[in-house]
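Contents: one structure, followed by commentary.
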Amino acid sequence: MSVPGRLARYLERMLSVLRAYRELQGKIAESICTGASDALLLQASLDRSAAAELVELEGAIRSLRAGTGAAAGDALAELERRVDRERSAALAANHRNRQQLSGALGELRRQIQELQAQPRPHAPASPFTRIGRPTLVDLHS
């Protein structure tokens, strides 16, 4: 396969991974809103694997671009513009999710501090808490 053909194939793959990544960002936003931490954990792992694949594709695309030079056609230029638009949309969704998650964590932190500041109800001490503590015993009675 020719270098421009491989480059086009890699760009198409990157475009599909970016679309899947952006859809995943939407699901992450829903999980943050609903507080579904188990789903968020799974989605974060999928996010990391998609990001790793994008990094690999980007490296391969850079090396192929160096091989094609200025010989890239209009179809490749259009494909690269579509990838850039999709990348920008995915990064914007990721940024929104990070801000939303930061706000949710701040709210959780505030709730924990409120609970810590509330006085705890005094429970009667257990008789077992005094085991081992010296006590005075009247031996003359």
Only one of Gly67, Gly59, Gly5 that is loosely packed, with under 15 Cβ neighbours inside 10 Å and closer than 24 Å to Ala93 by Cβ:
Gly59
Can we say Ser88 is under 19 Å from the mean Cα position of the chain (by Cα) and free of Cβ contacts under 8 Å to residues at least 60 places away in the same chain?
yes
Does the range 123-130 contain any residue that is polar (S, T, N, Q), exposed (fewer than 10 other Cβ atoms within 10 Å of the Cβ) and in a helix (DSSP H, G or I)?
yes
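Of all residues in the range 20-68, which are in contact (Cβ under 8 Å) with a residue 60 or more places away in the chain and out of contact with any helix residue (DSSP H, G or I) (no Cβ under 6 Å at 6 or more places or on another chain)?
Gly26, Cys33, Gly35
Every number here is computed from the coordinates shown, using simple stated rules; none is lab data. Computed from a predicted model, the values in this text were never measured in an experiment. Every residue, glycine as well, gets a Cβ built from its backbone with ideal geometry; the counts of neighbours run over all protein chains shown.
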